[in-house]
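Just so it is clear, none of the values below were taken in a lab; they were calculated from the coordinates. Quantities reported herein were computed from a predicted structural model and do not represent experimental measurements. All Cβ positions, glycine included, derive from the backbone under ideal geometry; neighbour counts span all protein chains shown.
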Amino acid sequence: MKYKKILPIIASSLLIFASCDDNLMDWEKDPDHGEVTGAELPLALVEKISRYEPLKNYTNFVLGNGIGVDLYMSDDAYRNIVNANFDEVTPGYEMKHGPMVNAKGEINFATMDAFVAKTKEAGLSVFGHTLVWHSNQNASYLNGIIAPTVIPGSSGSNSLDLTGLTNGTFTNWARNNPGKGITIVANSGLTSTSQAIQLAASATSSAAYNLQLTSPDVAIVTGHNYELSFYIKSDVAGKGRISFNASLTNQYPWKDWYNTGGSFTEAFVTSSQWQQVKIKLSASDFKVGSTSFKFNLDLGYLPNVTYLIDVNTLSVVDLDAASSIVNMISNGKFNTDISGWSKYNGATNALSLADASNAYEGNGAMKVINATSDASNQWKTQIHSDFTAKLTAAKEYTVSYMIRSEAAGSVRCSTTGGSAHYQGDQATSATWKLVEWKITASGDETGLNFDLGAAAGTYYIDNVVVTTGAASGGGSSTVIIDKTDAEKKLIIGNAMTDWISKMVTHYKTGVFAWDVVNEPMKEDGTLRNGTESTTATDYFSWIKYLGKDYAVTAFKLARQYGNSTDKLFINDYNLESRLDKCDGLIEYVKYIESQGATVDGIGTQMHISLTTDKAKIAQMFQKLAASGKLIKISELDVRLGTNSPTVVQQASQAEMYQYVIDMYKKYIPAAQQYGVTIWGVSDRVKEHVYWLPDESPNLWDANFVRKHAYKGTADGLAGKDVSLDFSGELVKKP
């Protein structure tokens, strides 16, 4: 390295020397960052550090930096430091499942595409972080796809007489073409205790009417519209239709069965999964003078198919029948808006309208975002609606509503007016839940509140009813169907395949190394099993549903859809403080490979402090070296326990950075040295909002001035005290 005789002190214009003292420099307050976090350093040391070259010039292995994508894209000074000093960058958050996957499971690549393009321009490579982890997941989406199926009850009373089905006699029902048989079977419907109609097609069945069950007469009211619906499944792929008697002008209607946007077909298809078939009959569909109609379940298209129809869900509802419920809330359906509801307490964005995808039924729901977690003050997020009239004194009312939350939550209702009523706290989850609360009115109640301040999170509320007596209105009840463990495993396995295949394929020409599996181990060296409790809204345990081989699958997928030369890593923390955890991770790698997958490398995060046991650091590297895998220090930082470190603390921090790199180079053979990634750039507050707040763990201080730790890191990479090679006199500021 060549140096000029005298070099100016670089770093920041915010460094101002207030006197002729050549040993100390004073720090000035930066209004953008608050108090400067660095301590006073000897001026001679500051000049030495300023003469060092960029860090990446001191090593032949990959030198990486864990960064914030937003900061890199928007902050020139931050980006310039990263570009000048590092070979590779690891996005700290933005490349994970949580920020990239939306509520529908779709991946938004826009942010990361722009980032990858920007880093390519600077000659940097991107390390993919991370494909499968339990944190920073879109847990709401993942939990949602395995949540129990909630089937709303019918919107009104059933006009169809089911007696002949429920008692098994088929009275008033006609088995016109029974195929192999049309029977009633117990415990085979949507729930384990519900009945089903079993219809079995014969080996020669080839026309719809070859397997046919005809309903009793269904009375109709002139001018009214009706809805026929039921849930059906089949043992193998099947096909069916609904046809009608002569009461309808079109006895064999073609229908847009699955709302595909105008693609009308004669028949619907069935599978081994329960699905709803629904058809609406307009008043104009009936012939003039008709007072009743019959329908046929025609399932004879295909041979040797056995169908099940849940008896409880087979219904015909008069959509125009007068409601038996007088709702004291003017808008409880939220199909078009949230009129009538207002925010009494809570954040600005607390109340909004959710679309149909987040509704229990219909076209919308009320969405409430609660930013607090105060179990004793539920009112801190409070949504209110006035009653349409005063409640009658001494009369009992039932308040009912459907609710779910994106994570575990809590809700309480209360009333306003002279005599307030308070419901007990109700637990909520990602599954829709029917909540009913009975109150005896005093007569001076004026409105209803939803009090959601107990547990932070996002809530969806639908079908709010306040009425005397029962709130169901005579329709069929809600049915909740839990998915089996096998179904959950299949669904989550497909979600993992979709996520990894799309990510690795999309970045096949821009990302060539990945953290495939992150933090799989417990502290004692055993494998996480998904039973660990957590209150985090972004927590999702893949292993809970996929078992021990979840990592096997992840590595196979990353290899299948990526490049054959991609470097695929497994990564964990505290390996230097818990050697049993290090041993357990190495054993798990052996297991993964015994199942046919290949793991290229092991990452050790090394978020350490000055008190971390140095002997254990050395032992960890020896153990990792013995694995034969590429070894990467993946997230190195050294915290000091303060954001205003002393000179001594900064010197100790520099020594610890150097020690870690020295031990890495000493014990990890050169062929196994993937490289070192420093986690974070500077001690600025904005870089530590979520990670190590009020700390000073990095190589640059809050003003982007190189710290003593910069020298320690550079000396470790170079394998010597680089400054001993400097020539020329130190500059003194007059």
Defining a contact as two alpha carbons under 8 Å apart and six or more residues distant in sequence, what relative contact order in percent does the chain show?
16
Contact order normalised by residue count of segment 532-640, Cα under 8 Å, 6+ apart, percent
28
If N is the residue count of segment 635-713, its Cα Rg over 2.2 N^0.38 Å rounds to 1.13
Considering amide H positions built from the backbone, and no H for Pro or chain starts, which residues 5 or more places from Thr468, or on another chain, come under 5 Å of its amide H?
Val326, Thr398
For segment 389-400, Karplus couplings with θ = phi - 60° (6.51, -1.76, 1.60), whole Hz, Gly/Pro x:
7, 5, 6, 8, 4, 6, 8, 8, 10, 10, 9, 10
Exposure proxy check: Thr111, Thr509 ranked by fewest other beta carbons within 10 Å?
Thr509, Thr111
Toward the positive end of the charge dipole of the chain, about the Cα centre and with charges on Cβ (Lys, Arg +1; Asp, Glu -1), which of Leu43, Ile325, Tyr667 goes farthest?
Tyr667
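In debye, nearest 20, what is the charge dipole magnitude of the chain about its Cα centre with +1 on Lys and Arg Cβ and -1 on Asp and Glu Cβ, if you could check?
On the way: 63 positive and 76 negative charges, 325 e Å.
Computed charge dipole of the chain: roughly 1560 debye.
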Specify the angular offset, from 0 to 90 degrees and rounded to the nearest 10, of the alpha carbon long axis of helix 579-594 from the longest principal axis of the alpha carbons in the chain.
60
Just grab the label-to-label distance for Asp235 and Val647, each label 7 Å out from Cα along the Cβ direction, in nm (one decimal).
8.6
Looking at segment 187-288, which trypsin sites (Lys or Arg not before Pro) are in a loop (DSSP not H, G, I, E or B) and have at most 16 other Cβ atoms within 10 Å?
Lys287
Kindly provide the chymotrypsin sites (Phe, Trp or Tyr not before Pro) of segment 618-718 that DSSP labels as loop, not H, G, I, E or B, and whose Cβ sees at most 13 other Cβ atoms within 10 Å.
Tyr690
Per-residue HN-Hα couplings for segment 559-575 [Karplus 6.51, -1.76, 1.60; θ = phi - 60°; Hz; x = Gly/Pro]:
6, 5, 9, x, 8, 5, 9, 4, 9, 10, 10, 10, 9, 7, 10, 6, 5
Stokes-Einstein D for segment 208-354 (4 °C, 1.567 mPa s, Kirkwood Rh from Cα pairs), in µm²/s, comes to 72
Obtain the nm distance between the two label points defined at Ser376 and Ile480 by a simple spin-label model: each point lies 7 Å from its Cα along the Cα-to-C-beta direction.
3.1
From the cross-link list Lys333/Lys489; Lys239/Lys556; Lys343/Lys390, which pairs have alpha carbons spaced over 27 Å apart?
Lys333/Lys489; Lys239/Lys556
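All other residues with a Cβ under 14 Å from the Cβ of Asp451 taken together, and with Lys, Arg as +1 and Asp, Glu as -1, what is their net charge?
Residues near Asp451 contribute +1 overall.
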Which percent, to the nearest 5, of DSSP beta bridges fully inside the chain are antiparallel?
75
If each of Tyr591 and Thr111 carries a label point 7 Å out from its Cα toward its Cβ, how far apart are those two points in nm?
3.3
Once normalised by the length of segment 152-318, the mean sequence separation of its alpha carbon contacts under 8 Å that are 6 or more apart gives a contact order in percent of 36
When the Karplus curve 6.51 cos²θ - 1.76 cosθ + 1.60 is applied with θ = phi - 60°, which whole-Hz ³J(HN,Hα) does each residue of segment 331-336 get, with x for Gly and Pro?
9, x, 9, 6, 6, 10
Rounded to the nearest 500, what is the chain's calculated 222 nm mean residue ellipticity when only DSSP H runs of at least 4 contribute -39500 (n - 2.57) each, over all residues?
-6000 deg cm²/dmol
What is the distance in Å between the Cα centroid of segment 60-115 and that of segment 357-403?
41
Mind pulling the per residue volume of the convex hull built on the Cα atoms of segment 341-474? Å³ is fine.
100
Which one of Gln658, Ala77, Gly123 has its Cα pushed farthest toward the positive end of the charge dipole of the chain, where Lys and Arg give +1 and Asp and Glu give -1 at the Cβ?
Gly123
Here P(r) for the chain, Cα-Cα distances in 20 Å bins, as whole percents, is 14, 35, 29, 16, 5, 0
Estimated dipole of segment 488-569 in Debye, rounded to 20 [Cβ of Lys and Arg +1, of Asp and Glu -1, Cα centre]
360
Amide H partners (placed H, <5 Å) of Trp257, local residues excluded
Thr265
Can you list residues from other chains, or at least 5 along the same chain, whose modelled amide H is less than 5 Å from the amide H of Gly238?
Thr270, Ser271
Charge dipole of the chain built from unit charges on the beta carbon (Lys, Arg +1; Asp, Glu -1), centred at mean Cα; most positive-end Cα among Ser410, Val305, Phe569 is Val305
